[in-house]
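Data block below; observations after.
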Amino acid sequence: MKAAVVHNFNEPLTIEDVPKPTPGPDDVVVKVEASGLCHTDIHAAQGDWPVKPKLPFIPGHEGVGIVESAGRNVKHIKEGDRVAMPWLGYACSTCEYCTSGWETLCEQQQNTGYSIDGGYAEYALSNANYVGLVPDTVNPMEAAPLTCAGVTTYKAVKVSGARSSDLVAVFGIGGLGHLAMQYANVTGATVAAVDLVDEKLTLAKELGATYGFNAATGDAVDEIKKLGGADVAICVAVSPKAFEQAYRSLRRGGTLVFVALPADNYMQLPIFETVLNGIKIVGSIVGTRVDLTETFELHAAGKTRVMYETRKLEQVNESFVEVEKGAVKARLVFDMN
């Protein structure tokens, strides 16, 4: 089968023929229809993070496709089902985190496209207990970004505690941000979108943002403060500077949600103001299997729109460059058909 493979960090991926996987007792083999490009895939291919993938590997944790075969223990998934293969590819199911609804914190977890091969391939192997069923009414090209960008930002809004009376500021309107602001809209909150590109702010307004602020040409923090400050700030921009701006945009008692994972891992955080202003800082990591189901249900109900462009898998290296340059309006999806 054809796959995009990382052999060495910071070198181009190679398109090559690799063996097609066969399912173990608890696995499914999925014929991939669509695979979204997440910035995490680029970090993985470049070895940016402290714990690096074992080489060689196949990236991609927004894979969606049709189950071709299933292992003997698999009962709830059948051949012909359309499933999504998210970042959380496996968790132990028995630790305190798993049994309390926080399997995304399991210390034994395996991650799709990182510690196990992912969806940048014609076929992918997944643990059947951690794939998500995709509703028949959801287009696989749209389901792919929802598998990470969607569920990640849905969870971020969920843990933020955003309410209908709140002002939610979303920093970074791209693959994640254009969905984060829609989930904030679902809560009834007022949304302020912050980005460096006017075209993305125009998109944000089309998708329901009340305000749009360009942090490259103006003082976005000051503009948000003029509105009374944000009750919630969600940062999905891969820049520590954006995190610091998001922090400063908060009103007293506000909540800052960390989502993006910049290669530059640190930001400056004032202790004095954090304590005196009662600021809450929350880290939000992807979402659980229940969160993924809810994400698909919201989309099937017409509550969200996924903005995407398609590419061929053979364009993977050029696509990485597009994303790194910020030249992509929202999300890129590899069409595997």
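The values are calculated or read from the model by the stated rules, or taken from the named source; none is laboratory data. As the structure is a computational prediction, the values presented were derived from the model and not from experiment. Positions of Cβ are generated from backbone atoms using ideal geometry, with glycine treated the same way; all protein chains shown enter the neighbour counts.
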Restricting the range 150-166 to residues that are farther than 14 Å from Thr104 by Cβ and of a type outside the set (S, T, N, Q), which is surrounded by the fewest Cβ atoms within 10 Å (Cβ to Cβ)?
Arg163
Can you tell me which of Leu269, Leu256, Leu298 is outside the structural domain of Thr99 (by TED's automatic domain parsing), free of Cβ contacts under 8 Å to residues at least 40 places away in the same chain and under 19 Å from the mean Cα position of the chain (by Cα)?
Leu256
May I ask you to list pairs of residues, at least six apart or on different chains, whose Cβ atoms are under 8 Å apart, with the first in the range 317-337 being surrounded by fewer than 19 Cβ atoms within 10 Å (Cβ to Cβ) and the second being of a type in the set (Phe, Trp, Tyr) and not in a helix (DSSP H, G or I)?
none
Could you tell me whether the range 193-210 includes any residue that is crowded, with 21+ Cβ neighbours inside 10 Å and either without any contact (Cβ under 8 Å) to a residue 12 or more places away in the chain or of a type in the set (Val, Ile, Thr) (or both)?
yes
Does the range 113-124 hold any residues that are among the aliphatic types (A, V, I, L, M) and crowded, with 23+ Cβ neighbours inside 10 Å, and which are they?
Ala121, Ala124
Can you report the number of residues in the range 241-250 which are touching a helix residue (DSSP H, G or I) at 6+ places or on another chain (Cβ under 8 Å) and free of Cβ contacts under 8 Å to residues at least 60 places away in the same chain?
1
Can you name the condition, by its number, that Cys38 falls short on among (1) in contact with a strand residue (DSSP E or B) (Cβ under 6 Å, 6 or more places away or on another chain); (2) hydrophobic (A, V, I, L, M, F, W, C); (3) crowded, with 16+ Cβ neighbours inside 10 Å?
(1)
Report yes if some residue within the range 231-238 is assigned to a loop (DSSP other than H, G, I, E, B) and touching a Leu at 6+ places or on another chain (Cβ under 8 Å); otherwise report no.
yes
Pairs needed: first member in the range 219-240, within 18 Å of His43 (Cα to Cα); second member anywhere, buried (at least 21 other Cβ atoms within 10 Å of the Cβ) and polar (S, T, N, Q); C-beta distance under 7 Å; at least 6 residues apart or different chains.
Val236/Thr153
Test: residue in the range 259-279 that is surrounded by 14 or more Cβ atoms within 10 Å (Cβ to Cβ) and in a strand (DSSP E or B):
no
Which listed residue is in contact (Cβ under 8 Å) with a residue 40 or more places away in the chain, under 24 Å from the mean Cα position of the chain (by Cα) and over 27 Å from Tyr308 (Cα atoms), from Asp27, Asp48, Asp81, Asp41:
Asp27
Among the residues of the range 272-295, count how many are of a type in the set (Gly, Ala, Ser) and free of Cβ contacts under 8 Å to residues at least 24 places away in the same chain.
0
